[in-house]
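Below is one structure; the comments refer to it alone.
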Amino acid sequence: LLQDTGIDPEYQPSGMLVMAPDEAAQALAWAARQARRVEQIDSCACAALEPALAEPPASALWLPEVGQIRNPRLTRALRADILRRGATLLEHRPSTGLLRTGDRVTAVQTPAGAVTADAVVVCAGAWTAELLADLGQATEVHPVRGQMLLFHGRPDAVRRIVLEQNRYLIPRRDGRVLFGSTLEQVGFDKSTTAAAREELYQLAVSRFPALRNFPIERQWAGLRPGSPGGVPYIARHPRFANLYVNAGHFRNGIVLAPASARLLADLLLGRAPVVDPRPYALEAARP
């Protein structure tokens, strides 16, 4: 994308430390099956990898191959790339419903009129269930608010992605540090709260004291598309021959996006699927 568009999504393989001692055996077994690098390290190795940690744990998991990307910059690069390739992008045109005849969806209804298509993919995030509500096959996708903080730091003040329970820290190339996030069942409310700001700030500076030296540049909230067990829906709709769904990725949308899009494209184009699609079917049982 950088080469083709001139927009840098800022991919960097910073590695990830995971503070989850109870999940070490499960993680190492997964790594062995998938031929991935996951190492169990002690507190000394942890402190060497991330000196900014206040109290390195006695044991942690180290995933050296994990990378990161700047989501908004990736989106801008993708937008430029699809326009360069000749796609038509209709922005600021909300989808208000699906028009159908028999077992086919014929168009997407918008305030500016219907948009026809041979195939329709619903990837509307937390709003997916509302868009599909009257089609007869429930998708249990619901909004989960996540509030985050962005510290205006300096490069290398924090070096690694760190994950502990539901909280994560991501150091960007320019020194900014992202810390999040809350998990709130508040419907479609994207507002931020002072209580969440204080909670996140205190957690961040207690775990990474260096962050006390940097101002909070921004606080914001997003609506994650929650789904049962965090397992997304990636499938053709069982009642409509040309309707597909790709939604419900919860907190892992950017992580799962390449494989998720590949699987959906395989299903839509009739190719051999890159992974077994059955666990992601709309009618599949979920945890």
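The values are calculated or read from the model by the stated rules, or taken from the named source; none is laboratory data. These figures come from a predicted structure and were not determined experimentally. No Cβ is skipped: glycine too gets one built from the backbone with ideal geometry, and neighbour counts run over all protein chains shown. When the accessible area is computed, the model is the full protein with side chains, heavy atoms only, and any ligands, DNA or RNA have been set aside. Shrake-Rupley method; radii C 1.70, N 1.55, O 1.52, S 1.80 Å.
So is Arg100 in contact (Cβ under 8 Å) with a residue 40 or more places away in the chain, within 20 Å of Pro13 (Cβ to Cβ) and not in a loop (DSSP other than H, G, I, E, B) or not? I'd like the intermediate steps shown before the answer.
Numbers: in contact (Cβ under 8 Å) with a residue 40 or more places away in the chain: yes; within 20 Å of Pro13 (Cβ to Cβ): no; not in a loop (DSSP other than H, G, I, E, B): yes.
For Arg100, the condition - in contact (Cβ under 8 Å) with a residue 40 or more places away in the chain, within 20 Å of Pro13 (Cβ to Cβ) and not in a loop (DSSP other than H, G, I, E, B) - is not met.
Has the stretch 144-167 got any residue that is small (Gly, Ala, Ser) and closer than 24 Å to Ser260 by Cα? Lay out the reasoning, then the answer.
Keep residues of the stretch 144-167 that are small (Gly, Ala, Ser), which gives 146, 153, 157.
Checking which are closer than 24 Å to Ser260 by Cα leaves us with 146.
Yes, some residue in the stretch 144-167 is small (Gly, Ala, Ser) and closer than 24 Å to Ser260 by Cα.
Do any residues in the stretch 180-199 that are at negative phi have Cβ atoms under 8 Å from those of residues that are open to solvent by less than 80 Å² (accessible area, probe 1.4 Å) and among the aromatic types (Phe, Trp, Tyr), where the two are at least six apart or on different chains, and which pairs are they? Close Cβ pairs satisfying both conditions: Gly180/Tyr168; Ser181/Tyr168; Thr192/Trp220.
For Gln165, the conditions (1) modelled with pLDDT of 95 or more; (2) open to solvent by 60 Å² or more (accessible area, probe 1.4 Å) are fulfilled apart from (1). Figure legend. Inter-residue proximity from the stretch 265-281: first residues in contact (Cβ under 8 Å) with a residue 24 or more places away in the chain, second residues loosely packed, with under 15 Cβ neighbours inside 10 Å and of a type in the set (Ser, Thr, Tyr), beta-carbon distance below 6 Å, spacing 6+ or different chains. No pairs are indicated.
Residue-by-condition table, conditions (1) surrounded by 12 or more Cβ atoms within 10 Å (Cβ to Cβ); (2) hydrophobic (A, V, I, L, M, F, W, C); (3) touching a helix residue (DSSP H, G or I) at 6+ places or on another chain (Cβ under 7 Å):
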{"site": "Arg36", "(1), (2), (3)": "yes, no, no"}
{"site": "Pro64", "(1), (2), (3)": "yes, no, no"}
{"site": "Ala87", "(1), (2), (3)": "no, yes, no"}
{"site": "His92", "(1), (2), (3)": "no, no, no"}
{"site": "Val120", "(1), (2), (3)": "yes, yes, no"}
{"site": "Thr128", "(1), (2), (3)": "yes, no, no"}
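Which condition number in (1) closer than 15 Å to Arg160 by Cα; (2) modelled with pLDDT under 95 is the one that Pro64 fails? Only one criterion is unmet by Pro64, namely (2).
When Gly146 is tested against (1) touching an Asp or Glu at 6+ places or on another chain (Cβ under 7 Å); (2) open to solvent by less than 10 Å² (accessible area, probe 1.4 Å), exactly one condition is not met: (1). Take Leu83 and tell me if it is open to solvent by 40 Å² or more (accessible area, probe 1.4 Å) and at pLDDT 95 or above. Criteria met by Leu83. When the stretch 168-181 is filtered for residues that are open to solvent by less than 10 Å² (accessible area, probe 1.4 Å) and among the β-branched types (Val, Ile, Thr), only Val177 remains.
Which residue is farthest from the chain's Cα centre (by Cα), if the candidates are limited to the stretch 103-127 and must be part of a strand (DSSP E or B) and among the hydrophobic types (A, V, I, L, M, F, W, C)? Spell out how you get there, then give the answer.
So the first thing to find is which residues in the stretch 103-127 are part of a strand (DSSP E or B), and the list is 104-110, 113-116, 120-122.
Filter again for among the hydrophobic types (A, V, I, L, M, F, W, C), leaving 105, 107-108, 114-115, 120-122.
Values: Val105: 28, Ala107: 28, Val108: 25, Ala114: 30, Val115: 28, Val120: 22, Val121: 18, Val122: 17 Å.
That would be Ala114.
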